[in-house]
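Have a look at the structure below before the remarks.
The values are calculated or read from the model by the stated rules, or taken from the named source; none is laboratory data. Only a predicted model underlies this, so the values are computations on that prediction, with no experimental measurement involved. As a convention, Cβ positions derive from the backbone with ideal geometry for all residues, glycine included, and neighbour counts pool all protein chains shown.
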Amino acid sequence: MLSGPRRFGSLARILALAVVGIALASPMSRTAEAQDKKLVILGSLPGLKFPFFVHMLKQIEAEGKKLGVDIIEGDGQVSSTKQTADVEAAITRKVDGIVISPNEVDAMAPALQEAVDAKIPVMTIDRRVDKVPGLLGHVGADNTKGGEAQAQLILKLFPNGATVMNLQGQPGAGPAIDRNKGLHNVLDPVKDKYKIVFEQTAEFDRVKGLSVTEAALAGMKSPPDVIVAANDDMILGAMEAVKARNLSGKIALIGFDALPEALSRVKDGSLTATIEQFPGLQSSKALDKLVEYLRKGTKPDPKIELLTPIAITKDNIDKAERLSEIK
Amino acid sequence: MSGPLLRMEHITKRFPGVLALDDAFFEVEPGEAHGLLGENGAGKSTLLKILSGAYQPDIGSIEFGGEAVTLESPLAAQRKGIATIYQEFNLIPTMTVAENMFLGREPGYGRFISWKRMREQTMEQLSRLRLQIDPMALVSDLSVGEQQMIEIARALSMESRLIIMDEPTSALNEQEVRRLFHIVDDLKKRGLGIIFVTHRLQEVMETCDRVTVLRDGRRVGGGEVARLSVDDLIKMMVGRSSTQLFTRLAAQRAPGPVVMKVEGLARDRDPANPYATLLKNINLEVRAGEILGLAGLMGAGRTELARSIFGADPRERGRIEIGGEPVTIRSPTDAIRHGIGLVPEDRKQQALFLELAVRHNLAISSLRKLSFAGWFVSDAAELELVERYRKLLDIRMTSAEVKIADLSGGNQQKVVLARWLALQPKVLIVDEPTRGIDVAAKAEVHQQLDLMARAGIAIIAISSELPEILAISDRIVTMREGRITGSVPGDRATEEGLMDLMAVETTILGEPRSQVGVSEPRL
Amino acid sequence: MTQATAARQPNREQRSGFPSILAMLSRYAPAVCLVLLMIVFAILEPSFLSPLNLFNVMRQISIEGLIAIGMTFVILTAGIDLSVGSLVAVAGLAAAILAKGSTASSFSLSTSEAQGYGWFAAMLGAIAVGMIGGAIQGTAITMLKVPPFVVTLGGLSVFRGLALMISASGPISGFDESYRWWGQGRIGPVPIPVIIFLAFAAIAFVVLRYTRYGRQIYAVGGNREAARLSGVNVRRVLFSVYVIIGFLSGLAGFVLSARLNSSEAVAGIGYELNVIASVVIGGTSLFGGVGSIFGTVIGSILIGVLINGLVLLNVNPYVQQITIGLILVAVVAFDQFAKARRLK
């Protein structure tokens, strides 16, 4: 007898769950759009599971607050398909502009073309898409240049040559390939003096950085002079392996990304250096330029702005963007 | 102790369409081994399940240790001191002896197990039975006999006062049987009651003090073993004449030429299925338009024979000829191609697709015939087929689209028969064709088998119910322990005669007692 | 006993007399949930219902949807395929290499760059790679009797490694227009991937519903032993479903590369879980024998709509993931609940 009402009950409950979930999760979005003229901008990052991208998003949001624009957050979940879906949804919503760091430059090109076709200005940050002609502009720092900066530091630290161990990033991922390329660009011409004695992927992962380094050190007759890694997580992992073999201070350790944790290690001397690409500055600059274009119609000049990545050592640590985050 | 250990009175249990127990009476004294006998379907297993708490009786009272009890669950029965040792053991093969012994009541502190205490207590229990088994051994590494001993030791460790043994010797070798009987004697001396369920009448004569014989859910006889002979027991078990239940249909059929011939078929131990009965040198012929009854007790190897012929299980040796031509059968697909069909023993597990509609169940084997371009099943042709067999077999269903799970057992079985009829087989093997269906439906199935035979199909019918075998068969072949023990024309066979051929001979005390297990066919 | 029966009887009659619209609702629980969800989104964000957005959603689901069709075949036989995402990557790379004649990436936009064998060879190559991958796994499952979960878990790793090896020099991108058309083109307003997805859904529907082979799949999944004893070649059926899902994964890899104008080794990561989710939401039982293509299409759309709607509403990305997870469980729970009701 109760079956009818109960069945309705469960239906209603699920519906209610959905509505409540959505309502709770979308604060202010409706009211925001109701106020006329407030710009709405999509800030899309490759994946918010990486603190690096969270930092960029935070900078975009902080800058947005300053400029009085609304930011829609887009989490690509490290998938070009997901990021494409985000961009398409933003086009449907008729956002005023897009600031995006593409998960994969080639794979995101079609989606960005759609945005351009819909007359939505797009600024790219960090990773440049050169296949879509109509993009508004780009602010970035070349990953290849960052890899070169790592190598240049090695040349500076070891003028008489060195043995190098190289921890590569996620196989197939753009930044991993470019950073590796940069390192080789500089080191390969001087092969006879600077020898890469070990080269292996640790997939951008701290635990892998530790285990790969452990294995490598165990297999080597004499430890390398330098360990260089394509991101900070891996070098921090490698640092633990170095410590465990009592080699601290005997091997130069060079990371990448200038994460707060790495910076504090540089500060206390256990890490030799990390590479600063100014991701936050890239992000806020890109938003500035976009808003300027939307409000005044001035196109960014130069269209492509590349910040020069620098190696952060103990001596110039004050140049690091996220120094203030160190406790 | 005064009075019986167990007394069950007026026990009645009805299942849909079957009266399994009908005012049954059963009594066990302390310190007694009591044999519980009866044909398949006489009500033994239902009685055991009531005793072990798996079923509740509809009517009737149970007194245990002098007080009225209800056994609402297996756990309750266990707590009261009634332990059941099933044919297929309730041991977990991947765990150790000690773990099995104390499963669910491991000694220790709070939630933590004390392995030391568990090991010691297991040793103690095992030594009570004078067993030398390592408590830390994995059960899967033990022999069948040892596993059974573990079950008994576990029952004792639970302070059981009544131990039920269901076909305890079927999987044991001679030496193990002897040891089991010593232990039974031992338990009797300690005042425990033992219920001994078996087909092996010889063993009953040897170990039991008294027997109770069930037939059609009632107690039809019993008493002290010393005053009874094996022949008396068989008479009590068989009781009525077969004509009372089923009309004999075989009389006017005229079997034609031999359709299938099986020569020297044998089946060795199969690691995938270690409990299967091994088959030795089976020779068999079946003629067009004939129903060949295959009779035997549980474990005689009837189902194994059927599955081996059909290619469902591997066989090591043997030639099969169809219509005089030797054929190779390695899989059911081969068998079907050569015109052999099998209605398997367990309808739900082996024949039905419970989630699918009746039409899909019926047509699954004939899809090729119903398809155009060899691929696309014609709905119209399929429905026509279903309609034809619905009429022919009088399958009662609201539509061809209903799930087969919603049909009664009898109608489900008719669908399975129809599946094979639609293929127009030369030989059809039906394994327990009327298991679990009501009496009216049984008669209908018999009638259908008769019609199929008249249409020229050679039928091999396996049944545990002798009256059924007698009613439908032109000829009856008996099996025992993987061998064929006799062949009797249907019109001359009697239940007593078949029982003789089927019953298991044991040579337990070294001297074969052959007065019952006559292996010569009585032609 | 008799009293109890008597008391239950009238109850049952009332139940069966209940309006059949409820029976309908419970029968199509996932579809009902989809419609409700769409109504909610449409109210909260009117642009959700714009044709452009709806076609976008369909295009977004079409690639995983294609694989979900194959996964339906596999799960109907009580199997599973975890390797699909990796197979998509390998197939996409195979297509890219065939199309471009080398593994080098080209960034120029000129259409004259095709020194390779063209889109047709690329498509066939991707499909062939998928089918070969499926056939290898099917062989391991049927002949070596390794459980599908284990075989395809191995495949997940093997094919991903293969993809990384092939594309060591980075993503391969920049295809000619006829190649890209398969991912980016439209016929009228309808994106090509959507047409491919729906076409294969229609074919799969016909195969499962109207062919012998379809019946055999349900039979094998419903009761393997009964299927064997009924003369169904169980091994052949099991083998074939892995070839089918390989075919569709290969095709999906090709379409994805055309859609993104790029093939990368990390494409398709995590597809297996989304695909299995859409199949299960569509009412297909992981135990086999029960399910339909219609359900899978609904399940795929439901996931796509959910993601799209939450993005449109600017829900916090972290909360999005939580919401999606909860709603997926709720839909399947509702389906189970409705089924239980129906059976009583």
Please work out if C:I80 is closer than 18 Å to C:S157 by Cα and either part of a helix (DSSP H, G or I) or modelled with pLDDT of 95 or more (or both). yes
B:S331 being surrounded by fewer than 20 Cβ atoms within 10 Å (Cβ to Cβ), free of Cβ contacts under 8 Å to residues at least 60 places away in the same chain and within 14 Å of chain C (Cβ to nearest Cβ): yes
Residues to consider are C:I298, C:I293, C:I307, C:I327; find the one that is in contact with a helix residue (DSSP H, G or I) (Cβ under 7 Å, 6 or more places away or on another chain), crowded, with 18+ Cβ neighbours inside 10 Å and closer than 21 Å to A:K49 by Cα. C:I307
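For every residue, the table says whether it meets (1) of a type in the set (S, T, N, Q); (2) touching a residue at least 40 places away in the same chain (Cβ under 8 Å); (3) more than 18 Å from B:E285 (Cα to Cα).
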position: B:V445; (1), (2), (3): no, no, yes
position: B:S464; (1), (2), (3): yes, yes, yes
position: B:A471; (1), (2), (3): no, yes, yes
position: B:E495; (1), (2), (3): no, yes, yes
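Which of the residues spanning region C:195-225 are outside any helix (DSSP H, G or I), touching a residue at least 40 places away in the same chain (Cβ under 8 Å) and surrounded by fewer than 21 Cβ atoms within 10 Å (Cβ to Cβ)?
Hits for region C:195-225: nothing passes.
Filter region B:357-381 for residues that are of a type in the set (V, I, T) and in contact with a strand residue (DSSP E or B) (Cβ under 8 Å, 6 or more places away or on another chain); which is farthest from the other protein chains (Cβ to nearest Cβ)?
By that ranking, first place goes to B:V358.
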What pairs come out if I take residues in region A:99-115 that are under 14 Å from A:G76 (Cα atoms) and pair them with residues that are among the acidic types (D, E) and at pLDDT below 95 whose C-beta lies under 7 Å away, six or more apart or interchain? A:S101/A:D126; A:E104/C:E264; A:A107/C:E264; A:A111/A:E88
Give me the pairs: first residue in region C:226-249 and β-branched (V, I, T), second residue surrounded by fewer than 21 Cβ atoms within 10 Å (Cβ to Cβ), beta-carbon distance under 7 Å, and six or more apart or on different chains, which are they? C:V234/C:R224; C:V234/C:R228; C:V243/C:A135
Note down all Cβ pairs under 7 Å where the first residue falls in region C:46-69 and is closer than 24 Å to C:A204 by Cβ, the second is surrounded by fewer than 16 Cβ atoms within 10 Å (Cβ to Cβ), and they're at least six residues apart or on different chains. C:F55/C:P189; C:F55/C:V190
Among (1) assigned to a strand (DSSP E or B); (2) at pLDDT below 85; (3) closer than 19 Å to B:C208 by Cα; (4) of a type outside the set (S, T, N, Q), which single condition is B:E39 missing? (1)
Boolean, A:I100 is surrounded by fewer than 24 Cβ atoms within 10 Å (Cβ to Cβ) and under 21 Å from C:V57 (Cα atoms): no
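Per-residue answers, yes or no, for (1) more than 22 Å from the chain's Cα centre (by Cα); (2) under 30 Å from B:L362 (Cα atoms); (3) β-branched (V, I, T):
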site: B:Q412; (1), (2), (3): no, yes, no
site: B:W420; (1), (2), (3): yes, yes, no
site: B:L428; (1), (2), (3): no, yes, no
site: B:M452; (1), (2), (3): yes, yes, no
site: B:A455; (1), (2), (3): yes, yes, no
site: B:I462; (1), (2), (3): no, yes, yes
site: B:E468; (1), (2), (3): no, yes, no
site: B:G490; (1), (2), (3): yes, no, no
site: B:L498; (1), (2), (3): no, no, no
Residues within region C:274-317 that are part of a helix (DSSP H, G or I) and either acidic (D, E) or free of Cβ contacts under 8 Å to residues at least 12 places away in the same chain (or both), tallied: 2
Just need a number here: residues in region A:172-206 that are more than 20 Å from A:G237 (Cβ to Cβ), assigned to a helix (DSSP H, G or I) and of a type outside the set (D, E, K, R). 9
Just to be sure, is A:L67 surrounded by fewer than 24 Cβ atoms within 10 Å (Cβ to Cβ), more than 14 Å from chain C (Cβ to nearest Cβ) and in contact with a Gly (Cβ under 9 Å, 6 or more places away or on another chain)? no
Say whether the condition of being modelled with pLDDT of 70 or more and farther than 30 Å from C:I217 by Cβ is met by at least one residue in region C:101-113. yes
Hits in region C:121-167 (condition: outside any helix (DSSP H, G or I), free of Cβ contacts under 8 Å to residues at least 60 places away in the same chain and within 14 Å of another protein chain (Cβ to nearest Cβ)): C:K145
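Only one residue in C:I244, C:I217 is at pLDDT 95 or above and within 14 Å of chain B (Cβ to nearest Cβ), so which one is that? Give the derivation first.
Working: C:I244 fails: within 14 Å of chain B (Cβ to nearest Cβ).
None of the others qualify; the one that does is C:I217.
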If you scan region B:218-231, which residues turn out to be under 16 Å from B:R200 (Cα atoms), out of contact with any strand residue (DSSP E or B) (no Cβ under 8 Å at 6 or more places or on another chain) and without any contact (Cβ under 8 Å) to a residue 24 or more places away in the chain? B:S229
Residue check for B:A42: crowded, with 19+ Cβ neighbours inside 10 Å, in contact with a Ser or Thr (Cβ under 7 Å, 6 or more places away or on another chain) and under 21 Å from B:F196 (Cα atoms): no
Only one of (1) more than 8 Å from chain C (Cβ to nearest Cβ); (2) touching a residue at least 24 places away in the same chain (Cβ under 8 Å) is not met by A:E88, so which one is it? (1)
Residues that are within 23 Å of C:A42 (Cα to Cα) and assigned to a helix (DSSP H, G or I), drawn from region A:77-110: A:K82, A:Q83, A:T84, A:A85, A:D86, A:V87, A:E88, A:A89, A:A90, A:I91, A:T92, A:R93
Any pair with Cβ under 6 angstrom, 6 or more apart, that starts in region A:246-269 at a residue that is modelled with pLDDT of 90 or more and ends at one that is aromatic (F, W, Y): A:D257/A:F52
Can you tell me which residue in region C:305-344 is modelled with the lowest pLDDT, limited to those that are more than 8 Å from chain A (Cβ to nearest Cβ) and closer than 15 Å to C:S278 by Cβ? C:D335
Could you name every one of the strands (runs of 3 or more DSSP E) located completely within region A:233-327 that has at least 3 residues being within 30 Å of A:D96 (Cα to Cα)? A:304-306
Hits in region A:13-51 (condition: modelled with pLDDT of 85 or more and in a helix (DSSP H, G or I)): none
Hey, A:T298 hits all of (1) surrounded by 17 or more Cβ atoms within 10 Å (Cβ to Cβ); (2) of a type in the set (S, T, N, Q); (3) closer than 27 Å to A:L39 by Cα but one; which does it fall short on? (1)
Go through (1) more than 9 Å from every other protein chain (Cβ to nearest Cβ); (2) in contact with a Lys or Arg (Cβ under 6 Å, 6 or more places away or on another chain); (3) surrounded by 21 or more Cβ atoms within 10 Å (Cβ to Cβ) one by one and return the number of the condition A:V105 breaks. (1)
From the list B:R319, B:R315, pick out the single residue that is of a type in the set (K, R) and assigned to a strand (DSSP E or B). B:R319
